[in-house]
Amino acid sequence: MSRRPAAGADVVVRDQSGGSHHARMVDVNAERLGLQFVEGADATFHQRDRILVTWPEPVGLICLPAVLLEQSPLRPAVWLADVVGDPWPEQRQYPRASISGTVGLRPRLRPDLPTASGVLLDLSEVGLRCAVEQDYPEFAVPATAADIELAVDAGALTLTGKILYGRPTASAEHRLELVVVFDRPVRQLEGLRDLIHRSQLP
């Protein structure tokens, strides 16, 4: 698995609302990417937006988290983006489970902060989606490392991971929807698989 897409490669960039936009890599180094969007898609982005840069490889679709920095005045414009985490292969064959449960999240580098609590929305072997009740600005920082307490009907799991992104929810009860990617190797993986096997989504 490559850690970066090659210069000149065609990629798909996902935004925080779930949209996908075609782009081409025009510059790549260890920490920074240069992206040239096609068909004016760059107009939908802003500085500090968190994105996923994706490209295909034999192991699957590779996802690289990044944050946009600035747009060049050149035409066609080039967005510069900072890489904010390690890439991972997205394996869509992993089943997701809709399980009734709660999630507690605490930024690992800020043990003085209270735990953000919320409800579990869905779960897979590689991560989870949840909705929390608090406005928690610490989770707006890309790739924030978090300790995770997951409580479901069958018991509790303690996991670690990184916040991929957060976005406001439409619910009055929950203010922020978070997507969390588990650290690898995943702790208590067999327990996760057992929960998902018994509660698979169709």
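What the table below lists for this structure:
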{"read-out": "Answer residue from the stretch 106-127, given it is of a type in the set (A, V, I, L, M, F, W, C) and touching a Phe, Trp or Tyr at 6+ places or on another chain (Cβ under 8 Å) and is nearest to Val179 (Cα to Cα) among those", "value": "Val126"}
{"read-out": "Those residues of the stretch 148-168 which are under 20 Å from the mean Cα position of the chain (by Cα) and either crowded, with 19+ Cβ neighbours inside 10 Å or at positive phi (or both), in sequence order", "value": "Ile148, Leu150, Leu159, Gly161, Lys162, Ile163, Leu164, Tyr165, Gly166"}
{"read-out": "Within the stretch 5-55, tally of residues that are modelled with pLDDT of 85 or more, surrounded by 13 or more Cβ atoms within 10 Å (Cβ to Cβ), of a type outside the set (A, V, I, L, M) and assigned to a loop (DSSP other than H, G, I, E, B)", "value": "2"}
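Yes/no per residue for (1) assigned to a strand (DSSP E or B); (2) under 19 Å from Thr102 (Cβ atoms); (3) modelled with pLDDT under 85; (4) not aliphatic (A, V, I, L, M):
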site: Pro142; (1), (2), (3), (4): no, no, yes, yes
site: Ala146; (1), (2), (3), (4): yes, yes, no, no
site: Glu149; (1), (2), (3), (4): yes, yes, no, yes
site: Leu164; (1), (2), (3), (4): yes, no, yes, no
site: Arg167; (1), (2), (3), (4): yes, no, yes, yes
site: Ala170; (1), (2), (3), (4): no, no, yes, no
site: Val179; (1), (2), (3), (4): yes, yes, yes, no
site: Arg184; (1), (2), (3), (4): no, no, yes, yes
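The values are calculated or read from the model by the stated rules, or taken from the named source; none is laboratory data. Predicted model only: the values in this text are computed from it and were never measured. Note: ideal-geometry Cβ built from the backbone for every residue, glycine included; neighbour counts use all protein chains shown.
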